1. Tell me the residue from PRO43, PRO128, PRO98 that is not charged (D, E, K, R) and not assigned by TED's automatic domain parsing to the domain that holds ALA214, please.
2. Could you tell me how many of the residues in the stretch 72-107 are part of a loop (DSSP other than H, G, I, E, B), of a type outside the set (Asp, Glu) and closer than 22 Å to TRP131 by Cβ?
3. Can you report the number of residues in the stretch 108-130 which are in a loop (DSSP other than H, G, I, E, B) and either farther than 16 Å from GLY217 by Cβ or in contact with a helix residue (DSSP H, G or I) (Cβ under 7 Å, 6 or more places away or on another chain) (or both)?
4. Name, by its number, the condition in (1) surrounded by 12 or more Cβ atoms within 10 Å (Cβ to Cβ); (2) in contact (Cβ under 8 Å) with a residue 24 or more places away in the chain that does not hold for ALA81.
5. Give me the residue from the stretch 87-119 that is more than 22 Å from the chain's Cα centre (by Cα) and of a type in the set (A, V, I, L, M, F, W, C) and, out of that set, surrounded by the most Cβ atoms within 10 Å (Cβ to Cβ).
6. If a residue must be in contact with a strand residue (DSSP E or B) (Cβ under 6 Å, 6 or more places away or on another chain), over 11 Å from LEU116 (Cα atoms) and not hydroxyl-bearing (Ser, Thr, Tyr), how many such residues does the stretch 178-207 contain?
7. What number of residues in the stretch 157-174 are touching an Asp or Glu at 6+ places or on another chain (Cβ under 6 Å) and in a loop (DSSP other than H, G, I, E, B)?
8. Mind listing whichever residues of the stretch 131-156 are assigned to a helix (DSSP H, G or I) and of a type in the set (A, V, I, L, M, F, W, C)?
Amino acid sequence: MEIRAGFEIAMDCPQPTPMILLLSLHPSRLPDLLGEQRLQSDPPIPFREFRDAFGNVAHRLVAPAGRIILRSEVHVWDSGAPDPVWPDAEQHRVEDLPDDTLPFLHGSRYCDTDRLSDLAWSLFGGTPPGWGRVQAICDHVHQRIAFNYNQADPTRSAGEAQDLGCGVCRDYAHLAIALCRCMNIPARYCTGYLGDIGVPPAPYPMDFSAWFEAYLGGAWYSFDARHNHPRIGRILMARGRDAADTAMVTSFGIHTLLRFHVETEEVR
């Protein structure tokens with residue numbers, strides 16, 4: 001299937017403000033790109049592209065004083081298959097894990113494993129290691145957190161989400177990631193587009209989505225504690241330890257968000 005995805009973000013800056021953007025497709029999805037991917041701004045300003053420490057495509061710019069609009073639209077080919085499910089995928093012993101998975105075992109800015117370790121072992125220590133354990137974690141998070149846009153908080157940690165019991169997709173991902181890491185399963189944060197493809201339309205404005213990947217059976221698999229069932233049409237933009245590594249816009253100065261609009265849909 002063909003998926004059209006894009007965004008428009010308008011901001012106001014009181015003075016020239018340096019920014020880093022993670023608003024492009026992840027390199028792993030570039031072979032699926034149909035046509036051109038262009039990041040545009042109004043007024044036009046120069047961007048410099050680079051790869052960050054996690055291999056994401058990033059852009060540097062200096063936003064001028066006043067209003068700036070960032071926009072992009074891409075068309076991506078997708079298999080139309082739901083997220084793979086591999087119940088026999090095994091959990092590796094820590095000593096057998098590849099070196100590049102080890103950073104995704106540690107606590108991070110939003111994934112406070114030190115706070116959640118005792119809880120994780122009390123809840124999941126008796127579950128079968130491997131896919132079943134990660135699914136048990138997703139089931140817990142899905143039941144524990146009630147989705148509520150009005151309760152969004154960009155400073156909330158996984159432990160705080162566990163205590164509060166409500167939040168948005170990043171809270172589901174952070175809590176599931178932290179609990180996986182507590183159980184010695186590498187887990188990394190993902191963000192990108194996820195449209196209402198193959199499911200009833202959601203009754204609220206579209207946004208970028210957050211999910212996570214767990215390392216099992218020698219591969220990374222997608223899990224989504226918020227929806228808690230395989231979905232069609234994920235388009236990855238960025239990966240990292242948590243949302244701090246994958247912020248769509250990092251501003252080194254004051255700015256006011258004026259407009260935020262995301263679209264993702266199947267092209268029929």
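The values are calculated or read from the model by the stated rules, or taken from the named source; none is laboratory data. Just so it is clear, the model here is predicted, and its values are computed rather than measured. Virtual Cβ from ideal backbone geometry, glycine too; neighbours counted across all protein chains shown.
1. It is PRO43.
2. 12
3. The number of residues fulfilling the criteria is 8.
4. Of the numbered conditions (1) surrounded by 12 or more Cβ atoms within 10 Å (Cβ to Cβ); (2) in contact (Cβ under 8 Å) with a residue 24 or more places away in the chain, the odd one out for ALA81 is (1).
5. Across the stretch 87-119, the extreme among qualifying residues is ALA89.
6. 12
7. 1
8. TRP131, VAL134, ALA136, ILE137, CYS138, VAL141
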